[in-house]
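A short write-up of the structure that comes next.
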């Protein structure tokens, strides 16, 4: 009986770890999408005359930093 409980506990812990990884992946994708949207908004504002190149550069830098940490998979998943 103890062997069964140990296996069940191990599977539950593995499932929790996988769930946590998936949540972190989804959060990173959402954050990347948000940064990409901010870059687009900054570029649009610059083109319309109400933004600055510095704002575009700042948004681009934030996006590049995110990609360096989390990868660019969010760019391929709409």
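Here, each number is a calculation from the coordinates, and none is a lab measurement. Computed from a predicted model, the values in this text were never measured in an experiment. Because the Cβ atoms are built from the backbone with ideal geometry, glycine has one as well, and the counts that use them run over all protein chains shown.
At-a-glance table
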quantity: Distance (nanometres) between label positions extended 7 Å along Cα→Cβ at residue 64 and residue 31; calculated: 1.9
quantity: Inter-label distance for residue 1 and residue 44, nm, one decimal - labels placed 7 Å from Cα along Cα-to-Cβ; calculated: 6.4
quantity: Sum of -39500 (n - 2.57) over DSSP H runs of 4+, divided by residues of the chain (222 nm, nearest 500); calculated: -30500 deg cm²/dmol
quantity: Descending semi-axes in Å of the chain, equivalent ellipsoid built from Cα gyration tensor; calculated: 43, 9, 8
quantity: The range 15-40 residues near the modelled residue 73 label - backbone nitrogen below 15 Å, point 7 Å along Cα→Cβ; calculated: 18-33
quantity: Rel. contact order, % - alpha carbon contacts under 8 angstrom, at least six apart, the range 2-75; calculated: 31
